[in-house]
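Heads up, the thing below is written out as structure tokens.
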Amino acid sequence: MLDRDVVEKFILERLKENKILIPKDIKKKELAEAFCQFTEDDYHEWLKDNFASFFNHYNPDWYWIKEYVDKHKTASE
């Protein structure tokens, strides 16, 4: 899902800005991959939480959802 090369570049820049050194036994690519996995795991949990909230914990309020859809449909047109 995430562009690993972009994430690696981002991490290296942020570490440099904050004067944080990567230990020699951790490869940059492996660090970027671990960070991507961490971020993607968190993202999926965030989606699950928001899904439950949006659909009223599996008891959807379709009237509210329709209003929300309509409100955002007109905003994007």
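FYI, it's all coordinate maths here, none of it is from the lab. Quantities reported herein were computed from a predicted structural model and do not represent experimental measurements. Don't worry about glycine lacking a Cβ; one is built from the backbone with ideal geometry, like all the others, and counts go over all protein chains shown.
Among the residues of segment 28-76, which ones are closer than 30 Å to Asp3 by Cα and over 23 Å from the mean Cα position of the chain (by Cα)? Correct list: Lys73, Ala75. Taking the listed residues Leu47, Leu21, Leu12, the one that is out of contact with any Cys (no Cβ under 9 Å at 6 or more places or on another chain) and exposed (fewer than 10 other Cβ atoms within 10 Å of the Cβ) is Leu21, with no other qualifying. Scanning segment 11-56 for residues that are touching a residue at least 12 places away in the same chain (Cβ under 8 Å) and among the β-branched types (Val, Ile, Thr) gives Ile11, Thr39.
The rows are residues; the columns are (1) of a type in the set (Lys, Arg); (2) in contact with a strand residue (DSSP E or B) (Cβ under 8 Å, 6 or more places away or on another chain); (3) not in a loop (DSSP other than H, G, I, E, B).
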site: Met1; (1), (2), (3): no, no, no
site: Glu8; (1), (2), (3): no, no, yes
site: Glu13; (1), (2), (3): no, no, yes
site: Lys24; (1), (2), (3): yes, no, no
site: Ala32; (1), (2), (3): no, no, yes
site: His57; (1), (2), (3): no, no, yes
site: Ile65; (1), (2), (3): no, no, yes
site: Tyr68; (1), (2), (3): no, no, yes
